[in-house]
Amino acid sequence: MLDALNGARTERVEIAAADSPPPARMRAHALGRPAPTTPLRAAFLMGLAAGEDATLATPAVCAALATGESVDAPGATVLDAIVAGTEIAVRVERALGAGHRDRGWDTRGTCGRLGAAIAAGRVLGLQRDAMRDAFGIAATAASGLTEARGTMTAAYVVGAAAADGIEAALLARAEFTGAPLALEGRRGLAALMSPSFDAALLVDGLGERFAFESIAAPLVEGGDAPALRALCARIERLPSIRELVEATL
């Protein structure tokens, strides 16, 4: 109690108090739900709704949509954020390897959280140092147990990852600092969560091909590729992502 009282006016507390939860002007909706709420809550509810079958991309999608609506971002910005966040999540999952999953970690909650932070950060326009901080904050919160599969908590993992990603980006925007080597550091996420980390896979083919295409493969193989392309084109043309969200309410 004494420590908490003495630290009540420290820089870290002032930053968090001012920007997390987000300011009242930042409002968003969970898809299909008419009541407005904070972007963190909206992202959480969307992740929860996606359920146990959500993919590694889901936290990034939920974070980008909720953050995008809250700042009235254009569709192209939100789409860019989804691509960037999903790409990071997939590359980190590949680099952590099977050993990460074998230890019982749900990658939607670990890697997906990192992707959500990147997605939210892209929408907010974070620059390099702030994005690194957002990544570090999200990495510190990374969690999720495959033991929860078959329960409501499996969906909670996805929703929490999306909300935490937004919170990490908001804190970083306000200059809250994160570990600079949160992933590859000696006591970073990879060292603690995987015996098979391969850092080279993080940048393998970077700038030449998208690793996240592995997630879209089932859609393409299932014959949904034209519909997916049409949806992406529609989102890209939107002057405000709110149009897409409001269409579901």
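The values are calculated or read from the model by the stated rules, or taken from the named source; none is laboratory data. The structure presented is a predicted model; accordingly, all values stated were derived computationally and were not measured. Every residue, glycine among them, receives a Cβ derived from its backbone with ideal geometry; neighbour counts consider all protein chains shown. All accessible areas refer to the heavy atoms of the entire protein, side chains included, with ligands and DNA or RNA removed. Shrake-Rupley method; radii C 1.70, N 1.55, O 1.52, S 1.80 Å.
Excluding ligands, DNA and RNA, the accessible surface per residue across the chain is 50 Å² with a 1.4 Å probe. Between Arg12 and Leu231, residue separation times 0.36 nm minus the direct Cα-Cα distance comes to 74.7 nm. Over the chain, what is the mean sequence separation of C-alpha contacts under 8 Å (at least six apart), divided by residue count, expressed as relative contact order in percent? Rounded, it is 27 percent for the chain. Proximity of backbone amide H atoms, modeled 1.01 Å from N, is registered between Leu145 and Asp106 at under 5 Å, excluding neighbours fewer than 5 places apart on the same chain.
Taken about its Cα centre, the stretch 144-249 carries a charge dipole of about 140 debye when Lys and Arg each add +1 at the Cβ and Asp and Glu each add -1 at the Cβ. In terms of overall dimensions, the C-alpha atoms belonging to the chain reach 61, 44, 38 Å along their principal axes, ordered largest to smallest. A simple charge model with +1 on the Cβ of Lys and Arg, -1 on the Cβ of Asp and Glu and nothing else charged puts the dipole of the chain at about 240 debye relative to its Cα centre. Ordering of 166-176, 228-238 by packing is 166-176, 228-238, highest average first (other Cβ atoms within 10 Å, averaged per residue). Shown in residue order for the stretch 38-47 are the 3J(HN,Hα) couplings computed by the Karplus curve 6.51 cos²θ - 1.76 cosθ + 1.60 at θ = phi - 60°: 6, x, 4, 5, 4, 5, 4, 5, 5, x Hz (x for Gly and Pro). Rounded to whole numbers, the Karplus 3J(HN,Hα) couplings from phi for the stretch 98-103 are 4, x, 5, 5, 5, 6 Hz, using 6.51 cos²θ - 1.76 cosθ + 1.60 with θ = phi - 60°, and x at Gly and Pro. Ranking Ala179, Ala211, Ala89 by Cα position along the charge dipole of the chain, where only Lys, Arg, Asp and Glu carry charges on their C-beta atoms, puts Ala179 farthest toward the positive end. Only helices enter this figure: runs of n ≥ 4 DSSP H residues, each worth -39500 (n - 2.57), summed and divided by the residues of the chain, yield -19000 deg cm²/dmol at 222 nm to the nearest 500. Plainly put, the stretch 28-143 has a radius of gyration that is 0.97 times its Kirkwood radius, both from alpha-carbon atoms, as the Rg/Rh ratio. Converting phi to 3J(HN,Hα) with the Karplus coefficients 6.51, -1.76 and 1.60 and the offset θ = phi - 60°, the stretch 67-74 yields 5, x, 5, 5, 10, 6, 7, x Hz in sequence order, with x at every glycine or proline.
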